[in-house]
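Asker: Structure incoming, see below.
The values are calculated or read from the model by the stated rules, or taken from the named source; none is laboratory data. In this text the structure is predicted, and so the values were computed from the model without any measurement. Cβ: placed from backbone, ideal geometry, glycine included. Neighbour counts: every protein chain shown.
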Amino acid sequence: MRSVLSAAAAGLAFWALPSSAQEVTMRAVSAFAEGTQFSKNFERFIDKVNRDGKGVVQINYIGGPRAMPPFEVGNAVRTRVVDIANVTGAFYTNLMPEADGFKLIGKPMSEQRKNGTWDYINQLHNQKLNAYYLARQFHNVPFHIYLNKRIDKLDFTGLKIRVTPVYRDVVQALGGAPINTAPGEVYTALERGVVDGYGWPATGIFDLGWDKVTKFRLEPPFYSVEVNVLVNLDAWKALTEAQRLLLSDAALWLEALDAENVATIKSELERQAKAGIEPIDFGPAESQKFLERAYAVAWETVIRRAPEVGARLRQLAGN
Ligand code: 173
């Protein structure tokens, strides 16, 4: 009896320990392939947390799309199949239609954290995705449409273009036929001629060998890449102050890595030129029209699907 009691007492003592004395391990996935452009900085973030967070927080990186299909990552965070994920809003618009609007917000995160944008988007994630919006990356990387057929005006009539929600409206506005696929299917779709082009950021086309199946890059660049680090909200709430602080500090460090993107874009565009990928550019007036159209049709969709939130996002975006 005594031993049972003392065991129970020992158990109590263990649970009564300040939780700061415990190290927590979080399971992480990325919606982008391991080691590629849009996973790389998240992987550096994990390394940093595992270095700085010994005895406090550790992250167990399960991996990229080999571990989990990219369009399921948002739901996996919501249901705590994983604790933390690197994923773009474009991949969870099924759960949060307004996530399609984040690409239209191009201000640096330092500013978004000051002017209430981060806070508002965090609340949206709390409510709709049961997630904490720990960080956003790549605000200063734009998207392009890449093509394998030359066009002589800004018209995609007769072209099938691989999209995600990011590019759907603009492709349709220009008369193209959008085909939604995960990044992992792009190479084969191009190789087999299932699509005549694809949307993708300015950087990253070399990671999966797409340079070998790409002829043209349409100018101008448009929108802002957003790849978010989300933490399941129950997992976040269960952390101690010290654990949250460690992750929050690492998140700011991760966001500051965006300064590197300027040089990365420059070197990748040079590399595209060397690979024979030719820019198609209809000049400043047409480019301006394209941009106005691209933003107009995207805001229209966001505001139609989420009127109140969309209007607020537009106000915060200031465009
Ligand atoms: O093209 C895509 O798969 C996509 O939507 C995206 C979003 C952010 C970064 C890279 C790709």
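Asker: Please note which strands (runs of 3 or more DSSP E) are completely contained in segment 188-243 and include at least 1 residues that are surrounded by fewer than 22 Cβ atoms within 10 Å (Cβ to Cβ).
Answerer: Values: elements: 197-201, 216-222, 227-232.
In segment 188-243, the matching strands (runs of 3 or more DSSP E) lie at 216-222.
Asker: Something else: Can you spot a residue in segment 47-69 that is of a type in the set (S, T, N, Q), free of Cβ contacts under 8 Å to residues at least 12 places away in the same chain and more than 14 Å from the ligand (Cβ to nearest atom)?
Answerer: So in segment 47-69, the residues of a type in the set (S, T, N, Q) come out as 50, 58, 60.
Remaining after also requiring free of Cβ contacts under 8 Å to residues at least 12 places away in the same chain: 50.
Next, from what is left, pick out any that are more than 14 Å from the ligand (Cβ to nearest atom): 50.
Checking segment 47-69: at least one residue is of a type in the set (S, T, N, Q), free of Cβ contacts under 8 Å to residues at least 12 places away in the same chain and more than 14 Å from the ligand (Cβ to nearest atom).
Asker: May I ask you to list the residues in segment 115-155 that are of a type in the set (Ser, Thr, Tyr) and out of contact with any Phe, Trp or Tyr (no Cβ under 9 Å at 6 or more places or on another chain)? Show your work before the answer.
Answerer: Filtering segment 115-155 for residues of a type in the set (Ser, Thr, Tyr) gives 117, 120, 132-133, 146.
Scanning segment 115-155 gives THR117, TYR120.
Asker: Mind listing just one residue for me: the one in segment 106-139 that is charged (D, E, K, R) and more than 20 Å from VAL82 (Cα to Cα) and, of those, nearest to the ligand (Cβ to nearest atom)?
Answerer: Restricting attention to segment 106-139, the residues satisfying the condition of being charged (D, E, K, R) are 107, 111, 113-114, 119, 128, 136.
Restricting the remaining residues to those that are more than 20 Å from VAL82 (Cα to Cα) gives 107, 111, 113-114, 119.
Values: LYS107: 17, GLU111: 20, ARG113: 20, LYS114: 24, ASP119: 22 Å.
Here the residue is LYS107.
Asker: Restrict the check to segment 81-88 and report whether at least one residue is polar (S, T, N, Q) and touching a residue at least 40 places away in the same chain (Cβ under 8 Å). It would help to see each step written out before you state the result.
Answerer: Initially, segment 81-88 is screened for residues polar (S, T, N, Q), giving 86, 88.
Filter once more, so that each one left must be touching a residue at least 40 places away in the same chain (Cβ under 8 Å): 86, 88.
Yes, that holds for at least one residue.
Asker: Further question on the same structure: Residue by residue through segment 114-139, note down the ones that are free of Cβ contacts under 8 Å to residues at least 60 places away in the same chain and surrounded by fewer than 18 Cβ atoms within 10 Å (Cβ to Cβ).
Answerer: LYS114, ASP119, ASN122, GLN123, GLN127
Asker: Within segment 221-244, how many residues turn out to be within 16 Å of the ligand (Cβ to nearest atom) and of a type in the set (D, E, K, R)? If you could, list the steps in order and put the result at the bottom.
Answerer: To start, the set of residues in segment 221-244 that are within 16 Å of the ligand (Cβ to nearest atom) comprises 221-230.
Checking which are of a type in the set (D, E, K, R) leaves us with 226.
Summing the residues that are within 16 Å of the ligand (Cβ to nearest atom) and of a type in the set (D, E, K, R) in segment 221-244 gives 1.
Asker: Right, next: Any idea which of (1) under 24 Å from ILE62 (Cα atoms); (2) touching a helix residue (DSSP H, G or I) at 6+ places or on another chain (Cβ under 6 Å); (3) away from the ligand (no atom under 16 Å from the Cβ); (4) among the β-branched types (Val, Ile, Thr) is the one ILE84 doesn't satisfy?
Answerer: So the condition that ILE84 fails would be (2).
Asker: Could you please give the count of residues in segment 140-184 that are buried (at least 22 other Cβ atoms within 10 Å of the Cβ) and more than 12 Å from the ligand (Cβ to nearest atom)?
Answerer: Counting residues in segment 140-184 that are buried (at least 22 other Cβ atoms within 10 Å of the Cβ) and more than 12 Å from the ligand (Cβ to nearest atom) gives 5.
Asker: Hand me the list of helices (runs of 4 or more DSSP H) wholly inside segment 1-79 holding 1 or more residues that are at pLDDT 95 or above. Don't jump to the end; show me each part of the working.
Answerer: Numbers: elements: 2-16, 37-52, 73-78.
Qualifying helices (runs of 4 or more DSSP H): 37-52, 73-78.
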